[in-house]
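Have a look at the structure below, then the notes.
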Amino acid sequence: MPELPEVEVSRQGITPFMLGETVMRIVVRNPSLRWPVPSELQEMVGLTITSVRRRAKYLLLETDWGTVILHLGMSGNLRILDHGTQPSKHDHVDIELGNGKLLRFNDTRRFGCVLWTRDPAEQHALLAKLGPEPLTDDFSDEYLYQRSRKRKIAVKQFIMDNHVVVGVGNIYANESLFSAGINPEQPANEVTQPQYAALTTEIKLVLARAIKQGGTTLKDFTGSDGKPGYFVQELQVYGRAEQPCSACGGLLKEVRMGGRSTVFCPRCQPRLKP
Ligand SMILES: [Zn+2]
């Protein structure tokens, strides 16, 4: 599943081809995505793309008249191709531009979406209640500490909640909790402010590293498949259950939390008594 770093790298990859370009034509081959592609999307024809932004895992293609809200879902990807490039299976939407290029949205499982809104995108129901972006100063130890005082859920679930902070997927939650030395099952309201300081730092680091790595491994989005894939990083805990901890040599342990694999070092990430 594309995570925040993959979406950010997609944004960086498509921006040079889209910014300032006029939309010439929109082709919708299959509107049956997670939500139907609205016919109002055709309002975009003739408009100029003024910005390509990202909020959480949504890409926002802005014009002076409205904004496309695009999500890659479980299996979506974007490519920049030349006009007239033959579509293949699962190529659901094309946005053709004045520079002879087109943005092609491909999504095998169709959990993604391509929506159109005339209102400021941040007010859209999908975006309005999202927590802060992890790589901004709004996401801080003070914020997490205050926000967690009445929350008894496990800290891992807490930081994976999009209403708390966006973009902390399962792998990134596992890795940042390990680096910060915090037990994933510790109730969020028992985590101290210094621990949250370490955790916010680690979350920012792991995401920034993934974006940087994705940006360097990926030359452009005009390649054959356009799939950024999962940025393979040095993972310290995720996928390493029953292997030795890189810090202390003890065996890493796996538990399921919310149906998701959770791997941690019982020695380096002790459960603290409040
Ligand atoms: Zn350890």
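Computed values, structure above
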quantity: Residue tally, condition modelled with pLDDT under 95 and at positive phi, over the stretch 2-51; calculated: 0
quantity: Close pairs from the stretch 262-274: first β-branched (Val, Ile, Thr), partner away from the ligand (no atom under 15 Å from the Cβ) and part of a loop (DSSP other than H, G, I, E, B), Cβ under 9 Å, at least 6 apart; calculated: THR262/GLU185; VAL263/GLY239
quantity: Every residue from the stretch 152-191 that is more than 21 Å from the chain's Cα centre (by Cα), in a helix (DSSP H, G or I) and small (Gly, Ala, Ser); calculated: ALA180, ALA188
quantity: Top-ranked residue of the stretch 250-274 - restricted to ones that are assigned to a strand (DSSP E or B) and of a type in the set (S, T, N, Q), ranked as nearest to the ligand (Cβ to nearest atom); calculated: THR262
quantity: Exclusive hit being hydrophobic (A, V, I, L, M, F, W, C) and at pLDDT 95 or above, set ALA247, ALA208; calculated: ALA247
quantity: Condition broken by PRO194, with the remaining ones in (1) open to solvent by less than 40 Å² (accessible area, probe 1.4 Å); (2) assigned to a helix (DSSP H, G or I); (3) modelled with pLDDT of 95 or more satisfied; calculated: (1)
quantity: Residue identified as at pLDDT 95 or above, open to solvent by 50 Å² or more (accessible area, probe 1.4 Å) and away from the ligand (no atom under 16 Å from the Cβ) among THR201, THR222; calculated: THR201
quantity: Answer residue from the stretch 13-42, given it is part of a helix (DSSP H, G or I) and open to solvent by 70 Å² or more (accessible area, probe 1.4 Å) and is farthest from PRO120 (Cα to Cα) among those; calculated: PRO16
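The values are calculated or read from the model by the stated rules, or taken from the named source; none is laboratory data. Keep in mind that what you see is a predicted model, and the values were worked out from it rather than measured. Virtual Cβ from ideal backbone geometry, glycine too; neighbours counted across all protein chains shown. The accessibility values were calculated without ligands, DNA or RNA, using every heavy atom of the protein model including side chains. Shrake-Rupley method; radii C 1.70, N 1.55, O 1.52, S 1.80 Å.
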